[in-house]
Amino acid sequence: MAGQTTPWLQGASGGSRGAYSDGVVHVFWLAGMSCDGCSVSTLGASNPSVEDLVMGGIPALPRVVLHHPMLAENAGRDFVEPFRQAAEGTLGAPYVVVVEGSIPDDQTFERAGHFAALGAGADWPSSLPSSRAADQPLRVTDWIWALAPGAAASVAIGTCATWGGIPAAAGNITGSMGLMDYLGIGYRSARGIPVINLPGCAPVGDNFTEALSQVLQYLEGVAPLPEFDELGRPAWMFEETVHRHCPKAGYYEEGVFAEEPGDSQCLVEIGCWGPVVQCNIVERGAINHMGGCMVAGGACIGCTMPGFPDKYSPFYKSPPGSAISGGVSKIYGGGIRRLRRMSMKTGNREPMWDNADSIPSAWGIARGKRDPLDKASAFFYKKLQYRGSVHHGKRNKKQPLPASRDILRQKGVDLDGSVDVLGERVKPREEV
Ligand code: SF4
């Protein structure tokens, strides 16, 4: 049906009635020089999910009518018609433009030729200039310049659309660029919002759906515009470095480094750029709050940053700055690590075990008796710990051992006797 997207994309419920949208906002998804990874990760989003948005089930948010080239069931002119209506101002509802993939420099191609296309010249609004014949493919770059000024917001998703990404790397013949570069510094949406950038290769899907939800709330007048940084990234997602929230940061601090990808230690010596890269992948996870580069043992290669990939390659080399910071961390962290091990030895003992000089664990590694060095370090540690307060160490020392401690021995149960477990004799502690 002309002018309509598929019924399931339009959603089943009526959505919430907002002051701005009257309950419906269209989202036009345009793909430039793209691998479709942004679409895939967006479909994996869970908080909120794409389904939540298109079904209009989120309170205070309008229902999203998604026009996505890969997800739509309709095709050809049926699919392109709403794009035409939006471009000529007859859509009858507000819309958001989302661009995936970098934007090729194909506006200079006269009459024919393109790097990414959607629709044909016959689909183009007659009110707008076009150099395309009716049967010639329309460039995606045509749709972007025609739709962005009237959009309530324009969102670049993924590093290609934000900063140019891989198609904009040195030597690429497409002349690709990000959406900000294409639209220019003067661009503001119809609601006064500059380009919103959600980088990542591929980006975290939840970053997109959450940011879109927040912007829709702002457009509806139910929340303030969320905070964006100076490059248009949602500040609450991108202001921190990966390193600050990395599960391996403790290893970095103690100067313990991985030798190959997949090792559990810090990956900086095998090429991790995490200390200087702004990204929330380790807090948020890749999909459904699971996974993410460092969590899975992969070094950060800076995929959310402007200039990726060239400014972060070669990926097999460690960042030059890591030689200094990693070296300092090895010296400082090595000392700290040894002191912590000493504290951990003390910390892994109940005061009762100190008094009894034994640990009631049959695991061979749990030593009961402490050597003089352990005792001396525990003595000074407690002195510092309890200084100016109640010395619980001294109080614990006076605590009598419980009368029923080691009850099986007291009752005469022979634990060294032969007991069959799955046909094998249970080994006494000494043998373990
Ligand atoms: Fe930092 Fe990377 Fe090491 Fe994680 S793996 S602690 S991000 S340097």
Inset, instruction - Would you mind stating whether Pro320 is at pLDDT 90 or above and either within 22 Å of Ala169 (Cα to Cα) or not small (Gly, Ala, Ser) (or both)? - result: no
Legend entry - Single residue of segment 232-280 satisfying the filter (surrounded by fewer than 17 Cβ atoms within 10 Å (Cβ to Cβ) and more than 15 Å from the ligand (Cβ to nearest atom)) that is nearest to Ile185 (Cα to Cα): Ala235
Legend entry - Index of the failed condition, Ser46 passing every other in (1) out of contact with any strand residue (DSSP E or B) (no Cβ under 8 Å at 6 or more places or on another chain); (2) part of a loop (DSSP other than H, G, I, E, B): (1)
Inset, instruction - Quickly run through segment 293-321 and pick out the residues that are within 15 Å of the ligand (Cβ to nearest atom), surrounded by fewer than 22 Cβ atoms within 10 Å (Cβ to Cβ) and at positive phi. - result: Gly297
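When you scan segment 20-35, do you find a residue that is closer than 22 Å to Tyr218 by Cα, touching a residue at least 12 places away in the same chain (Cβ under 8 Å) and hydroxyl-bearing (Ser, Thr, Tyr), even just one? Quick ask: steps written out before the conclusion?
Applying the first criterion (closer than 22 Å to Tyr218 by Cα) to segment 20-35 yields 20-29.
Those left that are additionally touching a residue at least 12 places away in the same chain (Cβ under 8 Å): 20-29.
Next, from what is left, pick out any that are hydroxyl-bearing (Ser, Thr, Tyr): 20-21.
Yes, segment 20-35 has at least one match.
Being of a type in the set (Gly, Ala, Ser) and without any contact (Cβ under 8 Å) to a residue 24 or more places away in the chain is true for just one of Gly271, Gly232, Gly262, Gly250. Which residue is that? Steps first, please.
Details: Gly271 fails: without any contact (Cβ under 8 Å) to a residue 24 or more places away in the chain; Gly232 fails: without any contact (Cβ under 8 Å) to a residue 24 or more places away in the chain; Gly262 fails: without any contact (Cβ under 8 Å) to a residue 24 or more places away in the chain.
Sole residue among the options that is of a type in the set (Gly, Ala, Ser) and without any contact (Cβ under 8 Å) to a residue 24 or more places away in the chain: Gly250.
Could you name every one of the strands (runs of 3 or more DSSP E) located completely within segment 131-199 that has at least 3 residues being closer than 16 Å to His114 by Cα? Don't jump to the end; show me each part of the working.
On the way: elements: 137-139, 153-157, 196-198.
In segment 131-199, the matching strands (runs of 3 or more DSSP E) lie at 137-139.
Please state which one of Asp135, Asp181, Asp123 is touching a Gly at 6+ places or on another chain (Cβ under 8 Å), touching a residue at least 24 places away in the same chain (Cβ under 8 Å), surrounded by fewer than 24 Cβ atoms within 10 Å (Cβ to Cβ) and not assigned by TED's automatic domain parsing to the domain that holds Ser313. First the steps, then the outcome.
Working: Asp135 fails: touching a residue at least 24 places away in the same chain (Cβ under 8 Å); Asp123 fails: touching a Gly at 6+ places or on another chain (Cβ under 8 Å).
Residue meeting the stated conditions: Asp181.
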Inset, instruction - Mind telling me which of the residues Ile336, Ile324, Ile331 ends up being in contact (Cβ under 8 Å) with a residue 24 or more places away in the chain, more than 26 Å from the chain's Cα centre (by Cα) and exposed (fewer than 12 other Cβ atoms within 10 Å of the Cβ)? - result: Ile331
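The values are calculated or read from the model by the stated rules, or taken from the named source; none is laboratory data. The structure displayed is predicted, hence computed values, not measured ones. Note that we place each Cβ from the backbone using ideal geometry, even for glycine, and neighbour counts take in every protein chain shown.
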